[in-house]
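Heads up: the structure comes next, in structure tokens.
The values are calculated or read from the model by the stated rules, or taken from the named source; none is laboratory data. These numbers come from a predicted model, not from an experiment. When we count neighbours, we look across all protein chains shown, and the Cβ atoms used for this are built from the backbone with ideal geometry, even at glycine. For accessibility, only protein heavy atoms count, side chains too; no ligands or nucleic acids. Shrake-Rupley method; radii C 1.70, N 1.55, O 1.52, S 1.80 Å.
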Amino acid sequence: MKVLKIVPQKCTGCLRCELACSYMQTGSFQPAKSVIRVSPYEGHTSYAPYTCTQCAEGWCMTACPVGAITITPAGAKDVVDDRCVGCKLCTIACPYGTIFYDPDTHKAFKCNLCGGAPACAEACPTAAIVYEEAETCDWLADFAVERSTRLLAVGGP
Amino acid sequence: MPARHLIIGAGTAGLNAIRTIREEDGGASEITLVAAERPYSRMVLPYYLDRSIAESHVFTATAATLANWKVKTHIGKKAASLNAQGNTLTLDDGATIEYDDCLVATGSRAIRPSIPGADLPGVHSFWTLEQAREVIAGIAPGSHVVMVGAGFIAFTILNSILSLGAKLTIVEIAPRILPRMVDERGALLVDAWLRKHGVRILTGVALTRIEAARGKRRLRFRKGETLLADLVIMATGIKPNLDWLEGSGIRMNHGILVDDHLRSSAPNVYAGGDVAEGKDGVTGAPVVHAIEPTAMEHGRVVGANMAGRDVAYRGSLNMNIVEVCRLDVASFGAWDDPNAEAFTGLRPERSAYRKLCWSGDRLTGAIIIGQAADVWTTNDVGMLKGLVHAGVRLGAWKEHLRRHPFDVKPAFIASRTTEALLPQTILGRPSRTPELPATVIR
Ligand SMILES: Cc1cc2nc3c(=O)[nH]c(=O)nc-3n(C[C@H](O)[C@H](O)[C@H](O)COP(=O)(O)OP(=O)(O)OC[C@H]3O[C@@H](n4cnc5c(N)ncnc54)[C@H](O)[C@@H]3O)c2cc1C
Ligand code: SF4
């Protein structure tokens, strides 16, 4: 399956992925509605995007009481808006923090791989996000460990 | 001869078991379903109450789906007694059903205190579809609704009552609201928030009787003023439906005691959901959670085992989330362990609160309260669940979280939580899309 591979070393923190994602998902540029989210490391000297891995369990999908989350042909777990009642159970079932609730629409929302052409990967100018055939894995841990030593030593974000 | 599976109860646990058996065996076995009600999801009833969904939306399977899954049904029939030695179930109409293995998933029912007037017209429970219909018929804009009880279930229907234009008073015998969902500081924050949003809350008041009063209900308390209500909702607790198992020899405590395969003391009788007293994934102790995710996981694990797989269950995580007037209130795991080391963080200006409970450098429980519009609230809800669920060691990040309880994300990522979580599945294989019938999907 094609997955969103994250290469955090290449991320410059330009946030184009967040803009592209929110535009694709909601039709307007609003990073708060993006489902890929860039975090700073080491006092804003480096950055990394984080999003849903489309995990094998699909914790959000199995938790939904009304079957509102399905697997798309691209292999993404996606919320069917007409079915979602907005109960938020998926947001506590997902252990990755990658499914969100939109207080304006009263629906859950998450990465659906844009139907097989993810806007974030297309927008990233440095190929820090690439959409390719790969085994999904923890793309950020090594990078985050290495880039957090100062934070942990001085004790403040 | 194909295996004969008997599923008793068509709620969350029962339906997940049936679906999983069919995912595993493609229709090879015989499945019989006995259920007092049609299959539906109780926990979405609040959205039917406020009419954001149609009644048809609550059903999780139709007659056509069940036929498609080759399930023989006895809907509207109750299990009356189980002969666990003879492998037969007797129904309330006297019919008997033989099985090779069976799942007891009869859920809970709402209970009311035994005070005079508790069964008067206009006094309702909100647990079944039938009861939801009655409440819907009884509420109009401007109605005064008195909710007796300030627990989790009461809170799940609070937004709906307000959005119908009713006035709401909550009365609670305990000194504070949400006693089993958040700690005292969290409860204070939620209490203040609700008062600010026009909900009247009376805590520490003991209801002694309800009287009919010219088309209304008058509530009398041990002390203080009386209340006049158009409609009373008794959210005063639930009890597992186990009475019919008396004399079956199945071992029970608060619920049916089950092993790590959800088998009761009779090895071919499984139990799941609100009736099961199964392993808590954090404490390891047997417990009745009476929550949707536990019922769902129990049902799926039972289904896989019934279908011949050997699937051990790691235990369930107690968790709840409820939104009241756009404030999210959530808790996980052993948030109420009085012996645990705990860090708290409060941002009064945002009505945000955190509590993180520890065993060494592992997170064992958490409370999270914050405005639904605050992006980091929902973000952290999931990550805190992940940390408790995975039980990763946080090392130096523990100290970071003591100082910055609202800065969960870097701790989550750098503790390799994703790596720990990715291989985990409940059934030892990827989950499938929940197959819903076209008739239900609309
Ligand atoms: C208003 C409301 C809101 C809720 N909100 C949440 C929430 O936000 N989060 C959460 O985690 N949980 C929530 N819950 C709780 C959740 O719905 C239950 O924990 C869950 O449904 C339990 O599943 P179950 O399969 O054990 O039982 P149920 O879903 O209750 O199903 C029990 C089944 O057994 C049948 N039955 C009962 N007795 C018999 C008998 N003798 N013979 C045959 N059949 C019988 C019933 O008809 C039913 O089909 C809520 C519940 C309610 C009522
Ligand atoms: S918020 Fe929507 S998608 Fe999530 S569990 Fe509830 S109904 Fe399902």
**OP:** List the residues of segment B:319-334 whose accessible area drops by at least 20 Å² when all protein chains are present, compared with their chain alone, using a 1.4 Å probe and counting only protein heavy atoms.
**Re:** B:Met319, B:Ile321, B:Glu323, B:Arg326
Original post:
On average over all directions, what projected area in square nanometres does segment B:326-420 have, based on the convex hull of its Cα atoms?
Top reply: 5.5
**OP:** Evaluate the charge dipole of chain A about its Cα centre and quote only its size in Debye, nearest 20, assuming +1 on the Cβ of each Lys and Arg and -1 on the Cβ of each Asp and Glu.
**Re:** 240
**OP:** Determine which residues of segment B:346-362 fall in the zone a paramagnetic label at B:Arg402 would reach in this model, i.e. backbone nitrogen under 17 Å from the point 7 Å along Cα→Cβ.
**Re:** B:346, B:355-362
Original post:
Under Stokes-Einstein, with the Kirkwood radius over Cα pairs standing in for Rh, what whole-number D in µm²/s applies to segment B:71-126 at 25 °C and 0.890 mPa s?
Top reply: 172
Original post:
Under unit Cβ charges (Lys, Arg +1; Asp, Glu -1), what dipole magnitude, rounded to 20 debye, does the protein assembly as shown have relative to its Cα centre?
Top reply: 1460
**OP:** Take every residue in peptide B:381-393, count the Cβ atoms of other chains within 10 Å of its Cβ, and give the average of those counts.
**Re:** 4
**OP:** Using the heavy atoms of the protein chains and a 1.4 angstrom probe, tell me the accessible area per residue for chain B in square angstrom.
**Re:** 39
Original post:
Solvent-accessible area per residue for chain A at a 1.4 Å probe radius, Å²?
Top reply: 39
Subject >> B versus A: buried accessible surface, summed, Å² (probe 1.4 Å, to nearest 100) >> reply: 4700
**OP:** Can you tell me the alpha carbon radius of gyration of chain B divided by the globular rule-of-thumb value 2.2 N^0.38 Å?
**Re:** 1.02
Subject >> Column: log10 I(q)/I(0), Debye, Cα scatterers of segment B:123-236, q = 0.14, 0.15, 0.18 Å⁻¹ >> reply: -0.54, -0.62, -0.91
Original post:
How big is the accessible area of B:Val34 in square angstrom, nearest 10, if you roll a 1.4 angstrom probe over the protein chains?
Top reply: 0
Original post:
Which of these, A:Glu122, A:Glu18, A:Glu42, has the largest mean-square fluctuation under a Gaussian network model of chain A (Cα springs below 10 Å)?
Top reply: A:Glu42
**OP:** On the full set of protein chains, 1.4 Å probe, figure out the accessible area of B:Leu188 and give it in Å² to the nearest 10.
**Re:** 120
**OP:** With everything on Cα atoms, drop me the angle between helix A:16-26 and the longest principal axis of chain A, reported from 0 to 90° to the nearest 10.
**Re:** 10
Original post:
Cα atoms only, segment A:91-149: Rg and Dmax in Å?
Top reply: 14.6, 40
Subject >> Semi-axis lengths, Å, chain A, gyration tensor of Cα atoms, sqrt of 5 times eigenvalues >> reply: 26, 17, 16
Original post:
For B:422-435, what's the mean count of beta carbons from other chains sitting within 10 Å of each residue's beta carbon?
Top reply: 5
Subject >> Within a Gaussian network of chain B (alpha carbon springs, distance under 10 Å), most fluctuating of B:Asn253, B:Asn320, B:Asn339 >> reply: B:Asn339
Subject >> Cα extents of the protein assembly as shown along the three principal axes, largest first (Å) >> reply: 70, 67, 47
**OP:** Could you tell me which of B:Leu317, B:Ile153, B:Val135 has its Cα farthest along the dipole of the protein assembly as shown towards the positive end, charges placed at Cβ (Lys, Arg +1; Asp, Glu -1), taken about the Cα centre?
**Re:** B:Val135
Original post:
Where does the charge balance sit around A:Leu19 when Lys and Arg score +1, Asp and Glu -1, over other residues with C-beta under 15 Å from its C-beta?
Top reply: +1
Original post:
Once you average over the residues of A:27-33, how many Cβ atoms of partner chains fall within 10 Å of each Cβ?
Top reply: 1
Subject >> Dipole magnitude of segment B:123-236, debye to nearest 20 (Cβ charges: Lys/Arg +1, Asp/Glu -1, about Cα centre) >> reply: 360
